[in-house]
1. Quick one: which residues, 5+ away or cross-chain, put their amide H under 5 Å from the amide H of Val231? H built at 1.01 Å from N.
2. How are the C-alpha pair distances of the chain spread across 20 Å bins, as whole percents from the shortest bin up?
3. Using the scaling law 2.2 N^0.38 Å as the reference, what is the normalised Cα Rg of segment 98-179?
4. Under a straight-distance cross-link criterion of Cα-Cα below 18 Å, which aspartates and glutamates are reachable from Lys243, leaving out those fewer than 8 residues away in the same chain?
5. Checking the a/c ratio against 1.5 first, then a/b against b/c, what shape does the Cα gyration tensor give for segment 24-121?
6. Name the residues whose placed amide hydrogens come within less than 5 Å of the amide hydrogen of Ser171, ignoring near sequence neighbours (fewer than 5 apart) on the same chain.
7. Considering only DSSP beta bridges with both partners in segment 24-121, what is the antiparallel share in %, to the nearest 5?
8. Which residues make up the longest stretch of the chain clear of trypsin sites (Lys or Arg not before Pro) that lie in a DSSP loop with no more than 10 other Cβ atoms within 10 Å, not counting the sites?
Amino acid sequence: MNVSVFISLVSLCFLFSNAAQALTVSTFRGEVSFPQTPQTVVAFPAGVIDTLDALGVLVQGVPENLFLDYVDTQKAQTVGTLFTADIEKIHKMSPDLVIIGERSALQYEALTDVAPVIDLSIPRGNTFQESLKRMHSLAKLFDKEDKAKEIENRLYELRDQAKQWINPDESVMVVMLMGRALNVLSSQTRIDWFQEELGMNLEASDVKSLNEVAPISYEYILSKNPDWLIVMDRDASVGRSAKDLSKEYMDTPLIHATKAWQKNQIIYLNGVGTLNSVGGVQGIKHTLEELIKTFSVRINGQS
């Protein structure tokens with residue numbers, strides 16, 4: 001065998017070896033392959049940072065004002081906001097991977113010039129299932145598949161426990177406070193999984209929305225007269241307010257006239273896991289635990 005043929009065969013074997021070892025993961029923009037597990041990672045979506053933390057993966061770059069009090073990011077550098085990346089900072093870090101999604105998705109083109117980028121935005125329809133898919137993509141990339149399976153099993157256990165407390169014949173309205181405005185979250189928003197996975201009979205399919213902001217009034221809530229009200233304060237969830245005003249805003253004559261108030265079936269939910277950490281497996285876990293606790297307390301007739 002001459003030398004040139006030998007070198008060609010060695011090169012071909014090397015290429016096949018690398019291809020066999022390549023990590024291919026599903027993203028919002030299609031499948032992406034990596035030659036090896038990334039070591040230096042920048043992530044923007046709160047839900048991705050939440051999930052990476054659950055898997056035991058350290059993130060070296062995060063946006064400021066993340067407001068996930070259960071995730072320790074003190075050793076990470078801040079590299080912009082949830083919406084806008086600091087390209088210069090990221091360039092200096094030379095990360096192996098930048099993860100964007102949801103709020104930061106528009107940064108994709110700008111970031112591809114400085115580092116490998118994947119978009120892990122979550123499609124609407126069933127955020128619970130899409131979050132599990134995203135977790136498994138991350139787990140494959142960082143060799144954490146056993147941990148991901150453990151997390152998935154626990155989330156299904158909690159989902160089934162929560163579902164036992166939901167009566168599909170009773171209507172549920174989910175209200176989100178934004179500043180002084182009332183908005184409703186329908187089955188077309190990030191809480192789609194409340195209906196798809198838990199069997200909630202969600203109201204407000206008739207509301208016109210701007211993205212996920214669907215303004216309503218107290219009169220609208222009374223006109224629907226739901227059996228249950230679930231209320232979350234968005235400003236408190238994303239760190240814009242130190243005080244959750246949910247109870248204060250529901251304590252009005254029109255709300256007093258609803259079945260939900262009269263039956264003591266108003267749930268005040270911490271919105272961090274649902275409104276801030278969209279698609280984060282820890283956020284989903286916290287939300288399920290809250291729903292199990294609050295529904296069981298109301299149904300058992302306690303205050």
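Nothing in this text is a laboratory measurement; each read-out follows from the coordinates by a stated rule. In this text, all values refer to a predicted model and were calculated from it rather than measured experimentally. So basically every Cβ, Gly included, is an ideal-geometry build from the backbone, and we count neighbours across all protein chains shown.
1. Val175, Ile267, Tyr268, Leu269
2. 31, 50, 15, 3, 0
3. Relative to the rule-of-thumb radius for its length, segment 98-179 sits at 1.47.
4. Filter leaves Asp69, Asp233, Asp235, Asp251.
5. Details: a/c = 1.34, a/b = 1.18, b/c = 1.14.
Verdict is rounded for segment 24-121.
6. Distant-sequence amide H within range of Ser171: Asp227, Trp228.
7. Numbers: 5 of 14 bridges.
Taking every DSSP beta bridge within segment 24-121, about 35 percent pair in antiparallel fashion.
8. On the way: sites that count: Lys75, Arg180, Lys208, Lys243.
With a cap of 10 other Cβ atoms within 10 Å, the longest stretch comes to 76-179.
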